[in-house]
Amino acid sequence: MSEQSFPGWHGTTIIGVKKGDEVVIAGDGQVSLGQTVIKGTARKVRRLSPGGFDVVAGFAGSTADAFTLLVRLEVKLEATPGQLARASV
């Protein structure tokens, strides 16, 4: 593959691990635009607790889109407490 055709590395750091009944989700907290770090202390992992049910969400990619989707998920979770699959659809 030639150097010109390779698009370069692109990625983000959000990881989730489940073992048995335990779940861990973590994010790197860095927001970048191209090669420039715009913010190094972003909270990419959030706890949503509508209706007393704990939901942990992590986002990556376009920040504006991610915040919009998190708000929409939280509204759906409030309408359907304890039904994460239904709220996600």
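The values are calculated or read from the model by the stated rules, or taken from the named source; none is laboratory data. What you are looking at is a predicted structure, and each value in this text was computed from that prediction instead of being measured. FYI the Cβ positions are ideal-geometry reconstructions off the backbone, even for glycines, and counts take in every protein chain you see. We work out accessible area using only protein heavy atoms, side chains counted, and drop any ligands, DNA or RNA first. Shrake-Rupley method; radii C 1.70, N 1.55, O 1.52, S 1.80 Å.
Would you be able to say whether some residue in region 59-76 is of a type in the set (S, T, N, Q), part of a loop (DSSP other than H, G, I, E, B) and surrounded by 14 or more Cβ atoms within 10 Å (Cβ to Cβ)? Checked against the condition, which is being of a type in the set (S, T, N, Q), part of a loop (DSSP other than H, G, I, E, B) and surrounded by 14 or more Cβ atoms within 10 Å (Cβ to Cβ), region 59-76 yields no hits at all. The residues of region 21-58 that are of a type in the set (Lys, Arg) and in a loop (DSSP other than H, G, I, E, B), listed by number, are Arg43, Lys44. Report yes if some residue within region 32-43 is closer than 21 Å to Glu74 by Cβ and either modelled with pLDDT under 75 or of a type in the set (A, V, I, L, M, F, W, C) (or both); otherwise report no. Yes.
Each row is one residue, and each column tells you yes or no for (1) over 23 Å from Val89 (Cα atoms); (2) among the small types (Gly, Ala, Ser); (3) touching an Asp or Glu at 6+ places or on another chain (Cβ under 6 Å).
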| site | (1), (2), (3) |
| --- | --- |
| Gly27 | yes, yes, no |
| Gln30 | yes, no, no |
| Gln35 | yes, no, no |
| Ile38 | yes, no, no |
| Arg46 | no, no, no |
| Ala64 | no, yes, no |
| Thr68 | no, no, no |
| Leu73 | no, no, no |
| Lys76 | no, no, no |
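For the criterion of being open to solvent by less than 90 Å² (accessible area, probe 1.4 Å), touching a residue at least 12 places away in the same chain (Cβ under 8 Å) and part of a strand (DSSP E or B), Ala87 fails.
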